[in-house]
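Working notes, beginning with the structure itself.
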Amino acid sequence: METRRDVFQAIADPTRRAIIMLLTAGAMTPNTLAEHFNSSRQAVSKHLQILTACEIVNQEQQGREIYYHLNADKMKEIEKWLEQFRQLLAKRFNQLDHVLELLKRNKK
């Protein structure tokens, strides 16, 4: 049984994160993307396959070239997941501020 890839698998690799950042500037072909890395076009294409399977990038055929576009909506899944931690950390910092304020008052 093949497991479905998710956005977290996609962003786990630094090369894929770099590809995502490059695509924020606009659509690119695999050859254009490969120029930014010390790896082959085939290696970049494998990363693009994973990003496509995770729906982080979309393909668009234009003549003989395939252009890859960032699917920003899919990136919202990551943002939504991280927001839970932002809220938790904010709550804990507020609690810490309260404790520090109590300690300061008791010290006086």
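The values are calculated or read from the model by the stated rules, or taken from the named source; none is laboratory data. Everything numeric here is computed off the predicted structure, so don't read it as measured data. Heads up, the Cβs are rebuilt from the backbone with ideal geometry, glycines too, and the neighbour counts pull from every protein chain shown.
Key figures
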quantity: Single residue of the range 56-74 satisfying the filter (under 18 Å from residue 5 (Cα atoms) and surrounded by fewer than 16 Cβ atoms within 10 Å (Cβ to Cβ)) that is nearest to the chain's Cα centre (by Cα); calculated: 72
quantity: From the options 98, 47, residue that is in contact with a Ser or Thr (Cβ under 8 Å, 6 or more places away or on another chain) and either of a type in the set (D, E, K, R) or in a helix (DSSP H, G or I) (or both); calculated: 47
quantity: Any chance residue 64 is free of Cβ contacts under 8 Å to residues at least 24 places away in the same chain and basic (Lys, Arg); calculated: yes
quantity: Contacts under 7 angstrom Cβ, first residue in the range 86-108 being among the polar types (S, T, N, Q), partner assigned to a helix (DSSP H, G or I), 6 or more apart; calculated: none
quantity: Selected residue [under 20 Å from residue 9 (Cα atoms), without any contact (Cβ under 8 Å) to a residue 40 or more places away in the chain and hydroxyl-bearing (Ser, Thr, Tyr)] from 32, 52; calculated: 52
quantity: Members of the range 5-21 that are of a type in the set (D, E, K, R) and within 16 Å of residue 71 (Cα to Cα); calculated: 5, 6, 16, 17
quantity: When residues of the range 1-19 are limited to those that are modelled with pLDDT under 95, part of a helix (DSSP H, G or I) and of a type in the set (A, V, I, L, M), the one surrounded by the fewest Cβ atoms within 10 Å (Cβ to Cβ); calculated: 11
